[in-house]
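Written out below as structure tokens is the structure these notes cover.
The values are calculated or read from the model by the stated rules, or taken from the named source; none is laboratory data. From a predicted model like this one, the values you see are computed outputs, not experimental measurements. Using ideal geometry, Cβ is built from the backbone for each residue, glycine included, and neighbour counts are taken over all protein chains shown. The area values use the complete protein model at the heavy-atom level, side chains included, leaving out ligands, DNA and RNA. Shrake-Rupley method; radii C 1.70, N 1.55, O 1.52, S 1.80 Å.
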Amino acid sequence: MSSATAEVHTTHHHAVADKTQLAPEKSLLGLTRPDRHTGWIDWVTTVDHKKIGIMYGGFALLFFIIGGIEALMIRLQLSVPQNDLITAQLYNQFFTMHGTTMIFLGVMPLSAAFFNFLVPLQIGARDVAFPRLNTFSLWTFVAGAFVLNISWLFQFAHTVGWFGQGLVHTDMAPSGGWFGYAPLTGDKYTGIGTDFWIVGLQILGVASLAASFNFIVTILNMRAPGMTMMRLPVFTWMTLVTSFLIIFAFPAITIALAELMFDRYFGSNFFRTENGGQPILWQHLFWVFGHPEVYILVLPAMGIVSEILPTFSKKPLFGYPIIVFSGAVIGFLGFAVWSHHMFTTGLGKVATAAFSLLTMAIAVPTGVKIFNWMGTLWGGRIKFTVPMVFSLGFIWMFMLGGFTGIMHSSAPADAQQQDSYFVVAHFHYVLLGGVLLGLLAGLYFWVPKIFGRMLNQKLGYWTAFLVIAGFNITFFPMHYLGLTGMPRRTHTYLGDMGWNLWNLVATIGAFILGIGVLLCFVNIVYTVFKGKKCDADPWGGRTLEWSTPTPVPAYNFAATPIVQARDCFWVHKHGDKKIEYMPDDGHGIHMPSQSWFPLLCGFGFAFFGVSMAMMGAGVPYAGYCAIAGLSAVFLGVYLWALEGPGGYHLEPPHEEGADKPHDAPASHAAH
Amino acid sequence: MPSANPPLDDQLLEEIHADQNTNTGIENKKLIMWLFLASDCMFFGTLISTHLIYRKLYPFGHPEEGAVNITGTFDIELTSFSTFILLMSSFLMALAVSSMHKGAIQSFRNYTFGVIIFGLIFLAGQVYEFQHFYHGQGWYDWKVSSNAGQVIVGNEKNKLLFHDVANTAAAKEGFGHEQFGLELLSFTPAEGADLAHPPITFKYEVELPDEVGNAPETFYGEYIYNPTDPHASQVVVLSEIPPPPVIEEAKEAPKEEASDDTAKADSGGKTDASEKAETTEEAEAPAEASETKDVTAAQEQTEAAEEHVAESTEHTEAPNEHATEKHTEDTHNEAHPHTHTPAPTSMAEVTKAAKETFKHSNYGFELNEFKQVQVVPGLDLKTSVFGSTFYVMTGTHGTHVAIGVLWLFSMLVYSYSGRLTPRHAVDVEIAGLYWHFVDIVWIVIFTVVYLVEYI
Ligand code: HEM
Ligand SMILES: [Cu+2]
């Protein structure tokens, strides 16, 4: 077996695969199983993790733009003192939707896009463990995003006088902040915007949970022979840790939201202070979820950076086991620090001290990672490609955010910083300077693999410059604003507070940043359709995904690879341990059939969500519609269980006379 | 019934093949179920912690005393029984899984059927419990009498669902619907009754509710039925009803006329007298609230009761004196508009119609007095923190059980249609995992939510 094998499978992807149906497709509910492999029906019913990943990415970019516009509105309003560009209520809606959108509809789905596209490829699998569940996650996410954002339309309808004129509360879009503190989000203080928010987040929670179950099973169970846990690419490792964080953290917020929902719809007393409900309970439940959530956001970006740095330093990742281990430790400790968001609520001395110490402790594994990344760069032959520039930006900016994090891990200091612009600066350094830069690095790195076309590099450098510069111009002054007392979530301020200059600077920076991000998205969209074609391994990649042809065929690997080393593709190309392939078992590649039912569930959820909010607004029959929506979801799940995975066989193209995958020695099949 | 296994098709082989090759050796389906259960632990953990936090924070289950009476509300015997049933269902589930592994599809069906039935019993228990808790419990003193003066007094502790309510007005209405607990034992045409010569006389026998203080177990009389104008029919109570006993039935004088729905009572509840009571006759009686167990209170009560009895004797004197005489009474106002009834054709039909009107006239009795003496307030989402946390938590669990029942039911059905065969043993095993988990969660809830209330 020689490198010729890899050649075979990287060059003959374009040959038309031979498709044979495995079992007659049943028709349930008059819905024949879709077997189209072109056109929009293919996209909406697909079970291919790569297409799902691309759709996740597309939606994420869309919501980044929406969230970005909301951010710019906030900055415009704050550019000068006593501005009356937008009302206080609209301002509240903008920052609430901005935060919610960026976290749940921007960063998480973009991470999910990478999970979907990369994880099966990186572990040498043909798909995720549950392909239809994956489709379900996608459409459920889209439904949740739809429910959240449709609230703007109702807000518009209300403003022009078409809807909800009789309602007490006039906020049709969420306005209670991304952490929705109860009882502020109770029915006494906020309107149906909160209903949209509650139901929307619950639906998104279902999507995240389903996806996480799927990825954990995929990573634990579907690795190619020889792909031991300690040979997993770090990105896959971080996906695994993130998925575990999701399955343990999301229940807390789901239940908190359900409790709030019962308070609002059925008059229960979970957070009804006049009947003994405790606002602090909400805070605990929210942050038990909320702090792990920040690691859910950042770990995938850390994984991406851990892939890019070694590639462009031409060195293996420094201290791989330690990077993996510190990621897992961050995951564990992430559940033990939530109360640092609540230092000023009066937890008591012991609790405050304990959470203070634990918060400082969590900076340790984070710091370890940073040192490992520096160790990777050390002595490497560094190539400053666009992904590399973004990754270096990530390390630097994320570190600054970490510093301020350690500053407010000290409870007395936090008493000064809490709810001021200092905190805003902190979490934007970690989230934007950290996570977003990491994700952009990932886009520049993997878009050539996904679409087979190279992003425009020159534009890329410009983007990196604009984003990093604009970001610092926007958020660095916020440290100062916060320390001089500018409160967070204020829709305007007086002119004599000494905040005028830096607010204006921040607004200008925000527009620079906005232009940078937009440029990046334009670059991507242009590239997808018109970009310069590139080969399957343009960067000199290290992991299995680069060993597949580009664009990646539906079955990913014509024959399952047998992995013999960490960074196996790199070793395959430059070392002695070559990738081998499992023998052909003679009956083609089994592919799962597509399905309508995940899409039906998505529609059900969307209908349910909007109906719930309408029920909150007192629209007649909305309650029945909500039940109908939920029934559609149940029906979808039931029918999908009945329909079974189905499947058909694909014959991978073979090159006559060339090395066939099946002459891989059988002994290599065992780990 | 397909009992023989159909041959393996390609697709199945492929699946089996794929699952055996997982890196962990655990089938994908099973692993995802474990993960789901891990996550579900957090769901229930959050719900149970919410409940316990509030429980600890509010010793009365609510900031104010009296909004709930937890041990008074709980029916621990019933819940223990349900818990036992659920536990046994888990046992059956384990048997079902192992039969499927052995390929014994018929015993799989039997056991699964058992699990479904037990699950349904548990759910029925929960529905009953919720209903029961929601309505609360009330204990009432009541008095019914015929117009001619026979009086029955009682202490309604009726176990019937709709009586068992904290709300006096609702309890009273329910009591009326149930004919004051009177039960018709027999209803037959009297000797010589003749269709052609109305009115027709029927003999009847009625049983009294159990906890009635003064009356014989049964009493009898005559019902003189007027087929052309049923409203003009007459009831004649023939048997003797002794005077009401003097002390046992007395509780206390009512405090005030109650009309609002939310019954508020002391949280002690079990023996406390209600602040809310309703009576038709004794509205001006002195208001006092006292505890029956308290000695002085008991004395006061005895006095009050004597007064009460003195009053009631006035009413009951007449029937006692003339018990052997025939007393007739009009069940309804004579001037009641007549409904035209078609001429009856057979005796059986007339008997049926007469029985119906007799029943609607409450066997000739009318409710004179109905007052609450003790109450356990109804538990709902709105009135207390305990109610909120309790219903949402147990309701979530009940939803899990219901989904499990549906799942197993589908499996049972598909085992008959041939879709589910011993080769799908792993599917059954997964359903089993789910079922055991739901059961374990219930054990936890039963312990930390129900049982701890009794220590
Ligand atoms: C060195 C590690 C970190 C430490 C010690 C730390 C510490 C803290 C503390 C103490 C707060 C509460 C500040 C306050 O509200 O007064 C906070 C807020 C926050 N942190 Fe961090 N943090 C760290 C890393 C991160 C990361 C990696 C992210 C996200 C990727 C993040 C996102 C946030 C967010 C979003 C908030 C604000 C939440 C809100 O109030 O809306 N942090 N951080
Ligand atoms: Cu935190």
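Partner shielding of A:277-290 amounts to 2, given as the average count of beta-carbon atoms from other chains within 10 Å of each residue beta-carbon.
Would you mind classifying the stretch A:150-236 by shape? Square roots of the alpha carbon gyration tensor eigenvalues, ordered a ≥ b ≥ c; an a/c under 1.5 is rounded, otherwise it is prolate if a/b is larger than b/c and oblate if not. In terms of gyration-tensor shape, prolate.
Burial here means at least 10 square angstrom less accessible surface with every protein chain in place than with the chain by itself, probed at 1.4 Å; in the stretch A:189-230 the buried residues are A:Leu209, A:Phe213, A:Ile216, A:Val217, A:Leu220, A:Asn221, A:Met222, A:Arg223. Determine the alpha carbon to alpha carbon distance for each of A:Lys449/A:Lys578; A:Lys458/A:Lys532; A:Lys449/A:Lys530; B:Lys172/B:Lys203 and list only those over 20 Å. In this structure, A:Lys449/A:Lys578; B:Lys172/B:Lys203 exceed 20 Å between Cα atoms.
Solvent-accessible area assigned to carbon and sulfur over the stretch A:314-464 amounts to 77 percent, based on a 1.4 Å probe.
Please compute how much accessible surface disappears when A pairs with B, both sides summed, using a 1.4 Å probe, and round it to the nearest 100 Å².
On the way: alone 25830 and 23080 Å², together 45360 Å².
What A and B bury together is about 3500 Å².
Calculate, in nm to one decimal, what A:Lys383 and A:Gln82 gain on full extension: separation in residues at 0.36 nm each, minus their alpha carbon distance.
Result for the pair: 103.5 nm of gain on full extension.
For A:Ile280 and A:Phe465, what does the FRET efficiency come to when R0 = 41 Å and r is the distance between their Cβ atoms, rounded to the nearest 0.05?
Values: r = 45 Å, r/R0 = 1.10.
About 0.35, to the nearest 0.05.
Between the alpha-carbon centres of the stretch B:388-455 and the stretch A:562-604 there is a gap of 36 Å.
Using only alpha carbons, the stretch A:493-541 has a radius of gyration to Kirkwood radius ratio (Rg to Rh) of 1.38.
In this rough spin-label picture, where each label sits 7 Å from Cα along the Cβ direction, the A:Thr38-A:Lys577 distance is 4.4 nm.
Between B:Phe365 and any residue 5 or more places off or on another chain, the built amide H atoms are never under 5 Å apart. Positive contributions from Lys and Arg (+1) and negative ones from Asp and Glu (-1), summed over other residues with Cβ under 13 Å from the Cβ of A:Thr345, come out at -2.
Which entries in the list A:Lys369/A:Lys577; A:Lys188/A:Lys349; B:Lys143/B:Lys359 go over 22 Å, if you measure between the two C-alpha atoms of each? Present the calculation step by step, with values, prior to reporting the outcome.
On the way: A:Lys369/A:Lys577 28 Å; A:Lys188/A:Lys349 33 Å; B:Lys143/B:Lys359 18 Å.
Check vs 22 Å cut-off fails for A:Lys369/A:Lys577; A:Lys188/A:Lys349.
Any number yet on Rg/Rh for the stretch A:184-287, C-alpha, Kirkwood? Using only Cα positions, Rg/Rh for the stretch A:184-287 is 1.17.
Accessible area per residue of chain A at 1.4 Å probe, in Å²? Working shown, then result.
Values: 24110 Å² over 671 residues.
Per-residue accessible area for chain A comes out at 36 Å².
Shielding of peptide B:382-388 by partners, expressed as the average count of other chain Cβ atoms within 10 Å per residue Cβ, is 6. Database remark: amide H of A:Ser420 closer than 5 angstrom to the amide H of A:Arg488 (H placed geometrically; neighbours at sequence offset of 5 or more, or on other chains; Pro and chain starts carry no H). Electrostatic bookkeeping for A:Ala182 treats Lys and Arg as +1 and Asp and Glu as -1; over the other residues with beta carbon under 12 Å from its beta carbon, the sum is 0.
Taking amide H as placed 1.01 Å from N in the peptide plane, the amide H of B:Gly221 sits under 5 Å from that of B:Tyr204, B:Leu238, each at least 5 places away or on another chain.
For chain A, which DSSP H helices look membrane-span-like by this rule: Cα extent along the axis of 27 Å or more and mean Kyte-Doolittle of at least -1.0?
Values: long enough: A:49-78 (42 Å, 1.20); A:131-159 (43 Å, 0.75); A:192-221 (43 Å, 1.50); A:234-266 (46 Å, 1.53); A:279-313 (50 Å, 1.04); A:349-377 (43 Å, 1.14); A:386-409 (34 Å, 1.42); A:457-483 (39 Å, 0.86); A:500-530 (44 Å, 1.72); A:597-616 (28 Å, 1.68); A:622-643 (31 Å, 1.52).
For chain A, where a helix must reach 27 Å along its axis and average at least -1.0, the hits are A:49-78, A:131-159, A:192-221, A:234-266, A:279-313, A:349-377, A:386-409, A:457-483, A:500-530, A:597-616, A:622-643.
Reducing the stretch A:467-519 and the stretch A:403-430 to their Cα centroids gives an inter-centroid distance of 16 Å.
Per residue, the convex hull spanned by the Cα atoms of the stretch A:452-520 amounts to 94 cubic angstrom.
Go through B:124-131, A:558-565, B:218-225 and give me the packing order, highest mean Cβ count within 10 Å leading. Don't skip to the answer; put the middle values down first.
Working: B:124-131: 15.2, A:558-565: 23.2, B:218-225: 19.2.
So the order, starting with the most tightly packed, is A:558-565, B:218-225, B:124-131.
Per the Kirkwood formula applied to alpha carbons, chain A shows a radius of gyration over Rh ratio, Rg over Rh, of 0.97.
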